[in-house]
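Please read the structure below before turning to the comments.
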Amino acid sequence: MYKNYISYLSNNSNSDISKLNFKSTRAYFGIVETVSSDIGKKYFDLILQEIYTTTIEVQDLIDYCNLNDSIGKPNLTDYGYNLKCSPTSLRYFYHALLILKHIKTTECNNIVEIGGGYGGLCLAINFLLKFFNINIVNYHIIDLSQPINLIQKYLYHNKNNIYTNNIYHDSLSFGSNITDNNLFMISNYCYTEIDKEFNDYYNKVLLPKINNGFIVWQNG
């Protein structure tokens, strides 16, 4: 499954991202676009609970989902409220809410994300920054070279909605060349699902530089 994912990205590395159907292509969506319609509904309900006490409105969620779903041709689900979107977009939006809510309580102003998917979480965080009055300077993304190529294209395509300075790193560096202070680490699944050997490298090389973070755990 992972081999097919990398092969798909390699074979399409020079393609126009606006013409790719990667979010609905079997070789790709089984790795990243993984939220079912039913789980998406649970994320939607959680989002409504979170934004109740903020200035964020349902229309802002709709705007983000329309933006995120405009590339890659994902499979869409109708959730009412004029919201027809990829369930995975709801996960990105919800995680971004939790991350920004937490990062606001810290002194962190730089982010490092291990495993960037196609850039949907980075886009969600940038989209929501204005609601939290947070200034994030550098946003580091660590991944394999093939996903990094897609992420760069994806975020460049959405450059009008990106306010952070995005810096990309090959995963075999394990963040060794990141020198920023006040680092907030994000890893939704990747850090905990990679082989223990690589996980240990992150523990030795990157984690000592981290001040705070947000991890979604994948394994036992």
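The listed residues are L172, L183, and the only one of them that is buried (at least 19 other Cβ atoms within 10 Å of the Cβ) and aliphatic (A, V, I, L, M) turns out to be L183.
Is there a residue in segment 160-176 that is modelled with pLDDT under 95 and closer than 30 Å to I56 by Cβ? Checking segment 160-176: not a single residue is modelled with pLDDT under 95 and closer than 30 Å to I56 by Cβ. Selection of segment 102-124 for residues being farther than 15 Å from T88 by Cβ and open to solvent by less than 20 Å² (accessible area, probe 1.4 Å) yields I103, C108, N110, I111, V112, E113, I114.
Scoring Y189 on the criteria (1) touching a strand residue (DSSP E or B) at 6+ places or on another chain (Cβ under 6 Å); (2) open to solvent by less than 30 Å² (accessible area, probe 1.4 Å); (3) not hydrophobic (A, V, I, L, M, F, W, C) leaves a single failure, condition (2).
Between N166, N135, the distinction of being surrounded by fewer than 17 Cβ atoms within 10 Å (Cβ to Cβ) and among the polar types (S, T, N, Q) belongs to N135 only. Being among the acidic types (D, E) and surrounded by 15 or more Cβ atoms within 10 Å (Cβ to Cβ) is the filter here; which residues of segment 2-49 pass it? Matches in segment 2-49: E33 only. Please tell me if N4 is outside any helix (DSSP H, G or I) and over 18 Å from the mean Cα position of the chain (by Cα). Here the answer is no, as N4 does not meet what is asked. Of the residues making up segment 40-87, those that are among the β-branched types (V, I, T) and part of a helix (DSSP H, G or I) number 4.
Residues that are among the aliphatic types (A, V, I, L, M) and either in contact with a Gly (Cβ under 7 Å, 6 or more places away or on another chain) or within 24 Å of R91 (Cβ to Cβ) (or both), at least 3 per element: which strands (runs of 3 or more DSSP E) completely within segment 131-220 meet that?
Numbers: elements: 138-143, 165-170, 183-188, 210-216.
Per the criteria, 183-188, 210-216.
Just one of the numbered conditions (1) farther than 23 Å from N126 by Cα; (2) touching a helix residue (DSSP H, G or I) at 6+ places or on another chain (Cβ under 9 Å) is not true of S24: (2).
Looking only at residues that are among the acidic types (D, E) and farther than 21 Å from I178 by Cβ in segment 192-220, which one is surrounded by the most Cβ atoms within 10 Å (Cβ to Cβ)? Before the answer, list the steps.
Taking segment 192-220 as the starting set, the residues that turn out to be among the acidic types (D, E) are 193, 195, 197, 200.
So of that shortlist, the ones also farther than 21 Å from I178 by Cβ come out as 193, 195.
Working: E193: 12, D195: 8.
My answer is E193.
The values are calculated or read from the model by the stated rules, or taken from the named source; none is laboratory data. Small disclaimer: the values here were computed from a predicted structure and weren't measured. With ideal geometry, Cβ positions are generated from the backbone for all residues, glycine too; neighbour counts draw on all protein chains shown. What goes into the accessible areas is simple: the full protein's heavy atoms, side chains included, and nothing from ligands, DNA or RNA. Shrake-Rupley method; radii C 1.70, N 1.55, O 1.52, S 1.80 Å.
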